[in-house]
Each structure stands twice: as C-alpha cells, then as structure tokens.
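Structure, as structure tokens:
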Amino acid sequence: MPTEIDIIKRVLHGKVDAFRYFIDTYKDMAFTLAMGMIQDESIAEDLVQTAFIKAFKNLKQFKMKSKFSTWFYTIVVNEARIHLRKNKGNVQRLDDENYHEPELHEENPALLNLHRSDQKRIINNALHRLSPRENLLIRLYYQNENGIEEIQKITGFSASNIKTGLHRARQKFYRALTKEYKGEMTALSFFGG
Amino acid sequence: MENEIKRLLKDDLLKLPSEDFTAKTMQKIRVIQDSHKVKRRISRWFIVSPLAAAAALALFLIFFWPAGTPGTVSWADVQRQLEQVHTMTARFCHEFKAPNGKWRNEYRKIYIKDPGLSRIDWCDTGADLNTLKSGPITVLKDESGIHERLWLNPYSHLAEWIIRKGRTVDMPPVVLLPGDSTQMDNNYALGLWDQLKQITAAVRTKRIGKRIINGKPAVGFGFEVPVFQPIYKESTCGKIWVGRDDGVPLLIELDYKDYLGKKVQRLEWSHIQWNIPLEEKLFDFTVPEGWSLKRDQENESIEYTGFGFKPGVTLEIGPEGQEPFVTAADIAGVVKAERTTYLFPKDTQLRGLITIELMPAAANRLSAYSAAHPDKIIVVNFNGQKKVAAKLDAAHPTQVSFDITLIHITSNIWHFNYITPLTKRNK
C-alpha cells in the first residue's frame with residue numbers, strides 16, 4: 001500500500017492521475033470545513049476545487065514534514081478566509097461579533113433519544129449558529145479529530161487561542177443545540193407530534 | 001454526550017461536494033499539467049537548440065507582430081532623427097475647454113524650416129480635420145536674436161507685424177480671431193517643437209507599444225517634458241510614435257494636467273512630414289496689397305526743467321518766406337521732447353515733437369501775427385535741417401511745438417547733440 005509520500009512523488013514525476021487519491025480522500029472534509037465557514041455550497045465547492053488546484057501546482061513546495069491533510073486544509077482555510085474578506089459586507093454571521101448567543105442554557109440529553117435524521121438536522125442547525133471561526137474549530141477538533149498542534153498549523157491561531165476558542169465554541173454549540181432541540185419539540189407538539 | 005456528538009459530526013455531518021467534483025477537479029488539473037508540459041518543452045527546446053528557437057521566434061514575430069517584423073528603433077534613434085530635421089509640416093490639434101465648459105478642438109497646419117522660419121495656418125474655429133479651411137496665417141522668423149511675426153487676417157484684411165528681441169517661444173500670446181475670447185498662444189506649436197528638440201537621449205522614456213499610423217508601422221515612447229505654466233502640473237507626459245524602421249516621428253501627443261491631476265488641455269501633432277522641400281514663399285513677410293498694416297509702436301516722452309538748446313544750435317520761427325519773428329535768443333528753454341517709434345526696431349521715427357518755451361515778448365509777436373494772418377503757415381527752421389510747421393499751444397501761450405519726425409535721430413542723439421542744462425550753457 002503506497003503512502004501519501006509515495007503518491008506525492010508519483011504526481012511530481014508526472015503521474016497526474018495519482019493526484020485523484022488526494023481529492024477522493026480529502027474533498028469531503030475540505031468541503032465540510034469550507035461549508036462551515038462560507039455556508040454556500042457552490043462557493044464552498046469552488047473554493048475547495050481552487051484549493052486542490054493550488055495544492056497540485058505547489059506540490060513541490062510541500063516539504064512532507066507534516067501530514068498532507070494539514071497542509072491541504074491550510075490552503076482550504078486560507079481560500080475561505082480570502083473569500084470572507086472579499087465579501088465581508090455581503091455575508092451574514094461571518095464573525096464572532098455578529099453572533100448572538102442563544103438564551104437557553106440547559107443541556108438536553110433527550111436529544112440523544114431522537115431519530116438519527118432529526119439529530120443530524122438539529123446538530124446541523126446548531127452548527128449554523130456558530131461563527132465561521134467557531135465552526136472551523138469545532139469541525140477540525142471534533143469532526144476531523146485534529147489535535148491542537150495541527151489546528152495551529154491549519155489555522156495559524158495560537159494554541160491558547162484555539163483552546164479558548166474551542167471552549168467558547170463548545171459552549172455555544174451546546175446552547176445552540178438546546179435551542180434547536182426545544183424549537184424542534186415545540187414544532188412537533190404543534191403538529192400533534 | 002460529547003462523544004456522541006463527535007460521532008454524529010464525524011460520521012453523518014460530513015458535507016459532501018457534488019458527485020462529479022473529483023472528475024471536474026481532475027480535468028482542470030490535467031489542463032494545467034498539459035500547459036506546463038508545453039512550456040517546459042519550449043524552454044527545453046530554446047536551451048537545447050538556440051538556432052531552432054531563434055527561427056521559431058522569427059516566425060512568431062512575422063505572423064503575430066501586428067505590423068510585420070519589429071524594428072529595433074531606440075529613443076536614441078528618435079533623438080538622432082530629430083536632430084536631423086530641417087523642415088517639417090504637421091497638423092496640430094489643440095483640445096481645450098472653451099469658456100462655456102465644453103471641450104473644443106482647434107486645428108492648425110504647421111510649417112517649420114530651419115533655421116528659424118515657421119508658419120502657422122489657423123483653421124476655422126470648429127473645423128474638423130477633413131475640412132481644414134485656412135483662416136489667418138502667422139509667419140514667424142527668428143534670426144540673430146530678433147523675432148519677427150506677421151499675422152495676416154483674411155477676414156479683416158489686417159496685417160499685424162511684430163518685431164521683438166528674443167525667440168519665438170518667448171513671445172506673448174496673440175488673439176486668435178477677432179471676437180474670439182480664446183487667448184491662444186500661437187507659440188504653443190513652435191514652443192513645443194523647440195521643447196521636443198531639446199529632449200535629449202538622457203530623458204527617461206519608456207516604450208508604450210506599437211500601432212499603425214497612416215499605414216506605417218510605428219512604435220511608441222512615453223516621455224516627460226517640463227511645463228512652466230503656473231496652474232499646470234510641473235511636467236506633462238507625452239507620447240511620441242515613431243516609424244518602426246527609421247525612428248522618424250509620426251505622431252506626438254501631449255496631455256496637460258493641473259495640479260489636481262485634472263486634464264487641462266491636449267496637444268497633438270499628426271500627419272507629420274519631415275525634410276520635405278518647403279518653398280520660401282510660404283514664409284513671405286510681404287503684406288498683401290490693400291491690406292492695412294499694424295505695427296507695435298512705442299511712445300517716449302521726456303520733460304525738461306532748466307534745459308535749453310546747446311550753443312550753436314540755430315532755431316528760427318516765422319512766416320514762410322519772411323524774416324523770422326523768433327531766433328535762438330528768444331528761447332527761454334526746452335520743455336519737452338516726445339517721440340513715437342516702432343517698438344522694435346526703434347530706428348524708424350514715426351513722430352517726433354519738441355516743445356519750447358519762448359520769451360514773453362517773442363511769444364506775443366508770434367501770437368499776434370498768427371491771429372492777424374490765420375491763413376499763413378508759421379514755419380520752424382531747426383538748426384538749418386528742416387523747415388516744419390510750428391504749433392502754437394492755446395493753453396500755454398508762451399509754448400510752441402514743432403515736428404521733427406522727418407529728422408531721423410534717436411532721443412539719445414537728440415538729447416546729447418542739442419540739449420544742455422541752462423546753467424551750464426550760461427557759464
């Protein structure tokens with residue numbers, strides 16, 4: 001089984017098709033990260049595609065000291081940042097300052113008893129309530145299971161910022177989750193559920 | 001719960017791009033790779049086979065250069081061409097803001113012949129480039145530090161001849177057309193020409209591209225020339241388009257801006273022809289018959305107090321053919337000397353007038369005779385040179401003036417040869 005380094009070497013020797021491996025392996029997470037920050041599917045997809053093309057063009061510059069995924073997600077995050085900067089006035093809820101915390105604070109273990117599809121929708125909605133930065137941290141830490149050091153490399157944030165950010169993001173996520181869950185319950189009872 | 005959410009996020013909440021995402025991305029990557037391959041191949045080819053590369057480059061230039069093979073003309077070539085220019089004709093366009101705020105173009109035909117001859121045919125105001133109908137003409141000559149300008153206005157049949165010390169470009173503005181409020185300096189055309197010839201090879205220029213001008217392939221140079229107008233930016237950017245093969249200027253454009261960077265005016269020389277034979281009659285200073293001629297004049301006036309004629313200067317005043325009533329001994333002093341000449345040169349005296357103060361008895365004799373014989377002319381015989389009419393001044397009955405216009409002497413000569421302080425004379 002070839003390693004990622006082997007595949008990179010093959011690509012650098014002109015075997016372009018070998019690059020497909022990286023696309024297949026990282027497109028979903030890259031897209032998820034981009035979606036978390038941009039929240040527009042077509043834009044996020046374009047950004048990820050641009051990130052892959054940039055990765056391909058600059059593959060020679062990849063020193064192979066870190067994981068390819070870390071290097072590549074850095075490109076994705078940078079692309080998303082560039083987009084956010086360019087469209088600052090047009091996109092809502094882009095940064096922490098624009099985010100209003102949900103007023104509900106109680107955790108709701110009953111969430112776990114819901115149907116899988118309902119859980120998914122509620123978590124999704126809760127994630128939407130987070131700022132792009134919080135979204136990114138939550139997804140990298142929980143979803144992609146990146147450690148603090150890797151998140152540091154991908155985002156460029158300091159370790160303490162990541163820890164604080166993660167703590168705040170986690171709290172907000174739970175609160176948003178509770179609010180989403182309560183809203184879901186109200187809607188269900190209204191329709192006789 | 002955290003672990004459960006982690007599981008949910010990881011497994012189910014992964015966002016998926018479109019199904020053909022991988023295919024689309026790979027397609028783009030292959031295109032990039034192919035273009036890289038071509039570039040690499042070309043660069044390798046150029047390294048391995050310089051001869052083949054040179055041939056390819058030549059072919060490329062022949063087929064893709066808009067005007068055939070590129071010239072190797074440099075700014076120094078242009079400079080050399082300018083130095084070799086002896087005659088030039090051009091159309092000159094002046095774009096400026098009229099008093100009503102609208103932009104207007106005015107056209108002129110320019111003829112220049114070294115050394116120092118030039119002519120501007122002013123085209124009718126508002127005329128377009130295709131119907132250049134000449135209006136007034138200005139002929140200019142710079143010779144030995146003397147500038148001559150003849151302005152011929154066919155509408156009023158008025159010729160204005162100005163002669164000054166200095167060069168054409170130092171001349172003040174003249175009014176373009178009667179009734180036209182635009183104060184246009186016809187020196188613009190020539191001044192710029194002068195300026196252009198002064199642009200040395202050391203001036204920083206940059207290539208600005210290539211184009212076809214009047215069917216001739218041309219390359220452009222951008223340059224900067226200083227501007228000495230108060231409200232203007234201190235320098236203006238110009239463009240000169242020269243023949244690709246010979247470096248001969250074909251089109252010159254100059255845009256003037258004010259200190260705020262706002263366009264003030266634009267000057268353009270086009271249809272330039274160099275070193276073509278230009279007949280002398282184009283620069284003829286003859287005023288057409290029947291035209292009135294106006295020349296710049298200057299009045300000088302010297303008032304004297306305590307001055308008289310030098311000893312030996314004779315002056316007699318009396319009726320024509322009779323014994324004079326007044327001789328030098330009857331003159332109390334010289335009051336005033338007035339002189340009108342052309343502004344330049346001043347050697348042609350247009351009018352000269354001397355006013356003298358008579359002794360009261362002599363003044364009375366003269367007044368009495370004049371009153372008794374109003375039909376008689378009283379003449380002045382000044383120093384035996386000319387006899388001219390005396391003019392009695394009613395306001396100052398003791399003063400008499402006489403005309404010395406025909407006596408061609410400068411005011412200095414007049415003063416030193418004939419005038420002296422009375423105290424000195426009486427010693």
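Pick from A:Arg168, A:Arg129: which is crowded, with 18+ Cβ neighbours inside 10 Å, closer than 23 Å to A:Val76 by Cβ and away from chain B (no Cβ under 13 Å)? Even if it seems obvious, please write down each step before you answer.
Numbers: A:Arg168 fails: crowded, with 18+ Cβ neighbours inside 10 Å.
So the residue among A:Arg168, A:Arg129 that is crowded, with 18+ Cβ neighbours inside 10 Å, closer than 23 Å to A:Val76 by Cβ and away from chain B (no Cβ under 13 Å) is A:Arg129.
Could you check, for segment B:122-134, whether at least one of its residues is modelled with pLDDT of 75 or more and assigned to a strand (DSSP E or B)? Steps first, answer last, please.
Within segment B:122-134, the subset modelled with pLDDT of 75 or more is B:122-123.
Still in the list and also assigned to a strand (DSSP E or B): B:122-123.
So far as segment B:122-134 goes, yes, one or more of its residues are modelled with pLDDT of 75 or more and assigned to a strand (DSSP E or B).
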Index of the failed condition, A:Ala51 passing every other in (1) among the aliphatic types (A, V, I, L, M); (2) at pLDDT 90 or above; (3) closer than 17 Å to A:Asp6 by Cβ: (3)
Right, A:Lys57: farther than 18 Å from A:Glu145 by Cβ, charged (D, E, K, R), in contact with a helix residue (DSSP H, G or I) (Cβ under 7 Å, 6 or more places away or on another chain) and within 10 Å of chain B (Cβ to nearest Cβ) or not? yes
Within the bounds of segment B:403-414, is there any residue that is among the hydroxyl-bearing types (Ser, Thr, Tyr), at pLDDT 85 or above, assigned by TED's automatic domain parsing to the domain that holds B:Ser301 and touching a strand residue (DSSP E or B) at 6+ places or on another chain (Cβ under 7 Å)? no
Condition met for A:Thr25 (within 18 Å of A:Arg10 (Cα to Cα), within 12 Å of chain B (Cβ to nearest Cβ) and over 10 Å from the mean Cα position of the chain (by Cα)): yes
Quick one: would you say B:Leu293 is loosely packed, with under 13 Cβ neighbours inside 10 Å and among the hydrophobic types (A, V, I, L, M, F, W, C)? yes
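If I filter segment B:366-384 for residues that are part of a strand (DSSP E or B) and not β-branched (Val, Ile, Thr), do I get at least one hit?
So far as segment B:366-384 goes, yes, one or more of its residues are part of a strand (DSSP E or B) and not β-branched (Val, Ile, Thr).
The values are calculated or read from the model by the stated rules, or taken from the named source; none is laboratory data. The shown structure was predicted, so the numbers you read here are calculated from the model rather than taken from an experiment. All Cβ positions, glycine included, derive from the backbone under ideal geometry; neighbour counts span all protein chains shown.
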